[in-house]
Every structure is written in structure tokens, then in C-alpha cells.
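The values are calculated or read from the model by the stated rules, or taken from the named source; none is laboratory data. Predicted model, so just to flag it, every value in this text is computed and none were measured. Please note: Cβ atoms are built from the backbone with ideal geometry, for glycine as well, and neighbour counts cover all protein chains shown.
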Amino acid sequence: MENIIMSQKENERVKVVRDILAGRRTQVGEAKRLKVTTRCIRYWMESFEVDGAEGLVHGNRGKESPRRVPDKEREEIASLIRNSYDLTVT
């Protein structure tokens with residue numbers, strides 16, 4: 001079994017979906033408690049039934065941001081800052 005890294009919020013969603021599917025809680029009650037819509041709860045349930053707990057993890061988890069500055073450019077910027085400013089703490 002593969003480990004899944006989840007936030008506390010995502011872990012709470014798994015517990016909520018399991019409780020609803022087991023009949024211990026209602027969609028409406030949990031939607032009110034979590035301040036989300038019942039449609040959101042149904043979406044979580046659908047994702048959980050298709051992909052399990054992994055279906056409730058954010059889709060961009062583990063992926064690099066498309067807005068990330070390339071490492072080479074970051075090095076150049078850092079070099080410019082180091083060479084242009086006196087960064088000693090007095």
C-alpha cells in the first residue's frame with residue numbers, strides 16, 4: 001500500500017465521507033458543520049468512491065508550480081544581490 005501525504009483538512013474530509021457512507025452522519029449536517037455545500041460533500045463522496053482517500057488529496061500535490069523561477073535564474077538573482085548590496089548585519 002502506498003503512503004498518501006494529506007493535510008489535516010483532507011484527512012478530516014476522509015473521516016467525514018467514511019462516516020456519511022457508514023450512516024453515522026448526514027450530508028446536510030456535515031455540510032453545515034464544515035461550512036461547505038451539500039454538493040461539495042457529494043463531490044467528495046464521489047471522488048472517494050472512485051479513487052479512495054487519494055481522491056480527496058489536492059490534484060497539484062507533489063507537482064512543481066508553473067510559476068516557479070528556474071534555478072539558474074534564481075542563482076543569477078542571488079548573485080546580483082550579493083554583489084550589489086552590503087548585507088552584513090551590524
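Which condition number does Glu10 fail, the rest of (1) within 13 Å of the chain's Cα centre (by Cα); (2) exposed (fewer than 11 other Cβ atoms within 10 Å of the Cβ); (3) at pLDDT 90 or above being met?
Condition (2) is where Glu10 drops out.
Being surrounded by fewer than 11 Cβ atoms within 10 Å (Cβ to Cβ) and hydrophobic (A, V, I, L, M, F, W, C) is true for just one of Leu87, Leu56, Leu21. Which residue is that?
It is Leu87.
With the requirement that a residue be surrounded by fewer than 10 Cβ atoms within 10 Å (Cβ to Cβ), of a type outside the set (Asp, Glu) and modelled with pLDDT of 90 or more, what does region 70-84 give you?
Pro70, Lys72
Which ones in region 21-74 are under 19 Å from Gln8 (Cβ atoms), touching a residue at least 24 places away in the same chain (Cβ under 8 Å) and hydrophobic (A, V, I, L, M, F, W, C)?
Passing the criteria: Ile41, Trp44, Phe48, Ala53, Leu56, Val57.
Of (1) of a type in the set (Val, Ile, Thr); (2) modelled with pLDDT under 95; (3) surrounded by 11 or more Cβ atoms within 10 Å (Cβ to Cβ), Thr38 satisfies all except one. Which?
Every listed condition holds for Thr38 apart from (2).
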